[in-house]
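As structure tokens, the structure follows; a few thoughts come after it.
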């Protein structure tokens, strides 16, 4: 579930606690979590609702000035999409924040990271993890299209790979491009001969 930047502050301060989306099927589920620029969100409920159930109070809880603004953004009902109401609350910091900052790679942590990288490489047509880390290290802030081309990948495949590295706490997204996290830098230093 993408969250437009204009809602980040309200989600961060707790004034926005609901979102509405027209989906073929939901992209989040109750009990799950969502990492977003607005914070780490706990998804409390996801349910199909009718357009008639929308109110001014709900529009305000979703960050809109009024019901008309919410209805404009949602657009008209569509036969192939349901209207979903997503209830959520901010659940603190993204656990990856602490992981990215953790540079204390003892022998066990280093072995575990190497093992995880090896598994990612083994599942791919060719090894990519270390080369991707080196490319990001040498070119922080470079747009993903350029990095993907350098690696001989299409952009979606490259971004998927970077998300796998991010889940390990090794990379961070920037406004444009990526950089290694402190943990990623420590790992790369340990991997160098």
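Readers should treat all values here as calculations from the given coordinates under stated rules, not as data from a laboratory. Quick caveat: nothing in here was measured; it's all calculated off a predicted structure. Cβ coordinates were reconstructed from backbone atoms using ideal geometry, including for glycine residues, and neighbour counts include every protein chain displayed.
Under the 0.36 nm per residue contour assumption, what length would be gained going from the current alpha-carbon distance of residue 58 and residue 109 to full extension?
13.7 nm
Going by a ≥ b ≥ c, the root eigenvalues of the Cα gyration tensor, does the range 138-190 fall in the rounded group (a/c under 1.5), the prolate group (a/b larger than b/c) or the oblate group?
Cα axes put the range 138-190 in the prolate bin.
I need the semi-axes of the equivalent ellipsoid of the chain: take the C-alpha gyration tensor, multiply each eigenvalue by 5, square-root it, list largest first in whole angstrom.
Working from the Cα gyration tensor, I get semi-axes of 38, 18, 15 Å.
Checking the a/c ratio against 1.5 first, then a/b against b/c, what shape does the Cα gyration tensor give for the range 23-85?
oblate
Please work out the C-alpha center-to-center distance from the range 103-130 to the range 13-54 and express it in whole Å.
If you average the Cα positions of each part, the centres end up 34 Å apart.
From Cα pairs below 8 angstrom and at least 6 apart in sequence, can you work out the relative contact order of the chain, rounded to a whole percent?
Reported as a whole number, the value is 20 percent.
Given labels modelled 7 Å from the Cα in the Cβ direction, how far is it in nm from residue 143 to residue 69?
About 3.1 nm, to one decimal.
To make sure I understand, if each residue's beta carbon is the centre and we count other beta carbons within 10 Å, what order do 143, 46, 86, 28 fall in, fewest to most?
Fewest-to-most Cβ neighbours within 10 Å comes out as 143, 28, 46, 86.
Considering the chain as a Gaussian network with a 10 Å cut-off on Cα pairs, which listed residue, 104, 177, 75, attains the greatest mean-square fluctuation?
Between 104, 177, 75, it is 75 that shows the largest mean-square fluctuation.
Would you work out if the range 96-191 is rounded, prolate or oblate? Take a ≥ b ≥ c from the square roots of the eigenvalues of the alpha-carbon gyration tensor; rounded if a/c is under 1.5, else prolate when a/b is larger than b/c, oblate otherwise.
oblate
When the chain is fully extended, how far beyond the present Cα-Cα distance does residue 1 get from residue 87, taking 0.36 nm per residue of separation?
29.7 nm
List the relative contact order of the range 41-145 as a percent without decimals, with contacts defined as Cα pairs under 8 Å and 6+ residues apart.
Computed value for the range 41-145: 28 percent relative contact order.
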